[in-house]
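Participant: Just passing along the structure, written as structure tokens.
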Amino acid sequence: MRRVACSYALSGAILLGASPVRADSPSKVDCVVANETGQTLVQAGKRLEAERTLATCMAASCPAPVREDCAQRLAEIGRTVPSIEFELKDSAGHAVRGARVAMDGKPLPGDALDRKPLRLDAGEHRFLFEAEGLSPVEEVFVLREGEKNRKETIVFAAASDRMPTALPVSVAERPTMKAPPSPLATVPTLAYVAAGAGVAGLAFGIGAGIAASSKNASLESECPGGRCPPDAQHDIDTFRTLRDLSTAGYVVGAAGLAAGVILWVAAPRAVSNDIAARFWIGPQTAGFAGRF
């Protein structure tokens, strides 16, 4: 019975014209997804990754239109992907073998330098070359689309030729001497504010006093014998106001200046290590001593 069933299945496959498909062949959905993903990667500048993705939709199981689209994109990638070739030498001009290379912080396979030329995505790439007994070399190269077979020579210096990156332990750095602060820098801001208010008060008092004196002189001419007519009352009130304002200005000015002086005197001063002074007063003697 098993042979009969197998023969029926084989006959049905032949009649339907079906062809056997490998289990690992991509489906139609996989082909379409690979094609669309490859386009996205190309637009993002990741052409090498797009090349690997588009290889999926080149399978025989993919529809013919999809394969043709993928083939066109792969051909474009092949024309635009740049390539570079490195020649490694030491300072004497001898070829360096067995070097290690990292690109953009990631190590490349050991045979990466054997691939000539090395295909990379366009853009800026930072390379670090290392070889046994030689100083590492770091270089930055900018590759442009369509740039093919670019050649660069990397020259290693011997490890002993490197400049020391740190001073010997026995050499001590001389400490930086800081200049003593200026006396004016230690005066608090409030002292300046108080002194400024005092100066402004005095200026106002002087101005009001001059105006009051002028008004008083005009009243003396209007009031002979100290008797003023009724229409002079306005000038009398103005004189009294100016006199009071002048007095207030003098009081504010004096208070502000006094406060400024007190704040300035009471402000802490930076003591210099190079200056010292001492006063003394005794029953029969007084003196002053200092070091400058």
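Participant: Any idea which residue in the stretch 85-109 is farthest from Leu120 (Cα to Cα), counting only those that are more than 33 Å from the chain's Cα centre (by Cα) and in a strand (DSSP E or B)?
Facilitator: Within the stretch 85-109, the match that is farthest from Leu120 (Cα to Cα) is Asp90.
Participant: Modelled with pLDDT under 95, over 30 Å from Leu134 (Cβ atoms) and of a type in the set (S, T, N, Q): is that true of Ser83 in this structure?
Facilitator: Criteria not met by Ser83.
Participant: Would you confirm whether or not the stretch 212-223 contains a residue that is assigned to a loop (DSSP other than H, G, I, E, B) and without any contact (Cβ under 8 Å) to a residue 12 or more places away in the chain?
Facilitator: yes
Participant: Would you say Gly123 is surrounded by fewer than 15 Cβ atoms within 10 Å (Cβ to Cβ), farther than 29 Å from Val33 by Cβ and of a type in the set (Gly, Ala, Ser)?
Facilitator: no
Participant: Right, another one. Of all residues in the stretch 130-142, which are in contact with a Lys or Arg (Cβ under 7 Å, 6 or more places away or on another chain) and of a type in the set (A, V, I, L, M, F, W, C)?
Facilitator: If the condition is that a residue be in contact with a Lys or Arg (Cβ under 7 Å, 6 or more places away or on another chain) and of a type in the set (A, V, I, L, M, F, W, C), then Val140 is the only one that fits.
Participant: On the basis of being in a helix (DSSP H, G or I), more than 34 Å from the chain's Cα centre (by Cα) and not assigned by TED's automatic domain parsing to the domain that holds Ala44, does Leu113 make the cut?
Facilitator: Yes; evaluated as a whole, the condition is true for this residue.
Participant: A further question on this structure: Considering only residues that are among the hydrophobic types (A, V, I, L, M, F, W, C) and either under 19 Å from Thr80 (Cβ atoms) or part of a loop (DSSP other than H, G, I, E, B) (or both), which ones fall in the stretch 116-137?
Facilitator: Answer for the stretch 116-137, where residues must be among the hydrophobic types (A, V, I, L, M, F, W, C) and either under 19 Å from Thr80 (Cβ atoms) or part of a loop (DSSP other than H, G, I, E, B) (or both): Leu118, Leu120, Ala122, Ala131.
The values are calculated or read from the model by the stated rules, or taken from the named source; none is laboratory data. This structure is a prediction, so every number in the text was calculated from the model and none was measured. Counting neighbours? That spans all protein chains shown, and the Cβs are built from the backbone with ideal geometry, glycine included.
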